[in-house]
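Heads up: the structure comes next, in structure tokens.
Each reported figure results from applying straightforward, stated rules to the coordinates on display, with no laboratory input. This is a predicted model, so every value here is computed, not measured. Every residue, glycine as well, gets a Cβ built from its backbone with ideal geometry; the counts of neighbours run over all protein chains shown.
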Amino acid sequence: MAFAEEIPKHQQTTTNIKTEEVAVALQKPARQLSYFESFVQDFRQYLLTSTLHGLRYVGEKKLTWFERFFWLAAFCSAIVCASFFILNVYAKWKLSPMIVSINPENIQLNKLPFPAITICNVNQAKKSVAERYKNDGGLIDKKLLESLCLSKPDADIFENELSEKADWEHTRSFLINITQPCNEMLAMCIWDSIRMSCQDLFNAQLTDEGLCCTFNVVHREKMFRNPRELNDMNITFPNPSVEWTPESGFPDDAPPDGFPWRPQGIGTDHGLTLLLDANVAEYYCSSTKTTGFKVLLHNPIETPNIAKLGEVYGPGIEVRVAIEPKILDANPSLKHIDINKRLCLFSSEKELFFYRTYSLRNCEMECEARAMLDVCKCVLYYMPKNKTTRVCGTEDAKCYSDMRKYVLNGRTHNCDECLPACTEISYTERPSSAPLNKELIKNYINSLNLATNRSPEYFMTAALLGDGAALRLRAGPVHPAAVEYAYAAECNAATTEWLGRP
């Protein structure tokens, strides 16, 4: 039997020490990396695992330096281009920090008012009245007639000794007497397929075109701050008045027949149909080169600017106008954006002196009136005013003629504060016309004759009217114009919403 050789104790101790030294050497950590080396290692790991296109190739060691530099240059070029476009968008947002988008929700028709309509006969003076003034009138009336009919400046027409005698009350009476009244102009009125008295639908109004007839303008108590201070024509509203503004809309408790009126549907059956008598036989002088009417669709809370913006329609035709409302609806978050950047005003941000509701047109009207009052110490008769404001007379002809030139040239001063309203409603029209069927006039006259045979009282009224409208249609050439306003078939109002960007 063989026995293993016993290892001496001193050699066994030495072996154990060497084994421990080896174990200690294996557990000794590797060389600590510097901060730069650690950053480079971590950055290379980021490049290899990044989802940004191209960066993985920059950190790949297997690629050549040229390939890695190409991908780095491509990535930097993409960053520069993206930054350029982002800065452009930011600059545009800083200049105008809002966007305009289409509201996907349709607005119901009963939430919108029917547009206000102002109609003026382009004839400035009835021939019979003008000839009477010309033959038997005083010198002042003759000069006023020249002022209406001649393109000569008023300052050249009126002499100094006559200017002091032609005050506003005399001029106002002259304009009313010499212009065709609404009861002669409006031969027939149909609203919402119901024949109504034209006097219940229209009111006479003095405009920059003269005496005109206006439909669906809000009550003066809802339009002006101090309506009792106005020195204007008497206006009647048979239906209850409603507090309507473009921002607040109609009240929830507003009656269906509240004023201003709202359409009950689309199409001609729910629109306004008018038969107008141009009375061409009474033409003496016209504001245009033709005969007919000036018609303007405008916001119910605004006074019309029909002299410059009115559409001209000739007699003897049937005109059908499709109306499309356009609404600019402002998001309340726009109030937090500076006015100089959004370039629009809310009603609560600017209070007008005469008008209760702010609009660009109302602000410009007040601005022009204020400029006229500052320079000429008076205002023109169609401008906003109160009882204490002096209306320009013939003695102020030179002053207001010069001021009107500045207004026409767009050089009105101190009107920079007038900005568009953030919430407003406007109307676009698409007219179509065709020659009027003369049988319509015959049927209309026959209906008048039938009506006069039913009641003695009505016969007397119709007989008086026969000397004016009905018999005039028989004796002279037939020159009425039928103007029919109706909401278009696509009158699902395309509304536009102004949204403020955060």
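Annotations for the structure displayed:
- Net charge of the neighbourhood of ARG44, taken over other residues with C-beta under 13 Å away and scored Lys/Arg +1, Asp/Glu -1, is +1.
- With the highest mean first, a sort of the peptides 194-201, 119-126, 387-394 on other beta-carbon atoms found within 10 angstrom per residue produces 119-126, 387-394, 194-201.
- Rounded to the nearest 20, the Cβ-based charge dipole of region 259-417 about its Cα centre (Lys and Arg +1, Asp and Glu -1) stands at 300 debye.
- Shown is the FRET efficiency for ASP167 and THR428, computed with R0 = 45 Å from the Cβ-Cβ distance and rounded to the nearest 0.05: 0.60.
- Modelled this way, with points 7 Å down the Cα-to-C-beta line, the labels at TRP93 and ASP136 are 7.7 nm from one another.
- Mean Cβ count within 10 Å, highest first, over the residues of peptides 42-50, 338-346, 273-281, 312-320: 273-281, 312-320, 338-346, 42-50
- Backbone geometry of region 300-317 corresponds, through the Karplus equation with coefficients 6.51, -1.76 and 1.60 at θ = phi - 60°, to 3J(HN,Hα) couplings of x, 9, 10, 7, x, 10, 6, 4, 9, 10, x, 8, 9, 10, x, x, x, 10 Hz, x marking Gly and Pro.
- Taking amide H as placed 1.01 Å from N in the peptide plane, the amide H of HIS270 sits under 5 Å from none that are at least 5 places away or on another chain.
- Highest-first arrangement of 177-183, 75-81, 331-337, 34-40, where packing means the average Cβ count within 10 Å: 177-183, 331-337, 75-81, 34-40
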